[in-house]
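As structure tokens, the structure follows; a few thoughts come after it.
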Amino acid sequence: MYVDQNPYHLKNIYTMHENCSQCGLHYQIEPSFFYGAMYVSYGLTVAIGVATFIIAKVIIGLSLLYSFVAIILALIALMPITARLSRNIYINMFVHFDKKAAKK
């Protein structure tokens with residue numbers, strides 16, 4: 001789906017192929033289609049933040065300040081992955097993979 005497979009090459013984080021190599025789907029379904037992925041990204045970052053807080057505060061037993069520092073560091077470290085994952089989730093909400101189209 002992406003030209004550069006490494007999400008940590010930040011210069012090319014959103015550079016996508018025009019069409020799917022398997023089924024020929026045009027990824028840019030309409031202008032500004034992936035703006036909706038921001039809502040998915042918000043949900044992913046909230047889930048990561050809650051999970052990080054539970055691990056840092058409840059399991060490890062860090063103070064509240066260090067727990068929030070852990071959340072910030074986790075969100076910054078995982079930002080490229082959540083950005084791409086949110087796009088993938090968003091496009092799969094509208095377009096489903098067709099095995100028959102992939103065989104052609």
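A few notes on this one:
- Pairing each residue of the range 16-40 that is on the phi > 0 side of the Ramachandran plot and modelled with pLDDT under 80 with any residue that is assigned to a helix (DSSP H, G or I) and polar (S, T, N, Q), provided the two are 6+ apart or on different chains, yields no C-beta distance under 6 Å.
- For the range 78-94, the set of residues classified as open to solvent by 50 Å² or more (accessible area, probe 1.4 Å) and not aromatic (Phe, Trp, Tyr) consists of 78, 79, 81, 85, 89, 92, 93, listed by residue number.
The values are calculated or read from the model by the stated rules, or taken from the named source; none is laboratory data. Because the structure is a prediction, the values reported are computed rather than measured. Backbone-built Cβ (ideal geometry, glycine too); neighbour counts: all protein chains shown. Remember, those area values only see protein heavy atoms, side chains included, never the ligands or the DNA or RNA. Shrake-Rupley method; radii C 1.70, N 1.55, O 1.52, S 1.80 Å.
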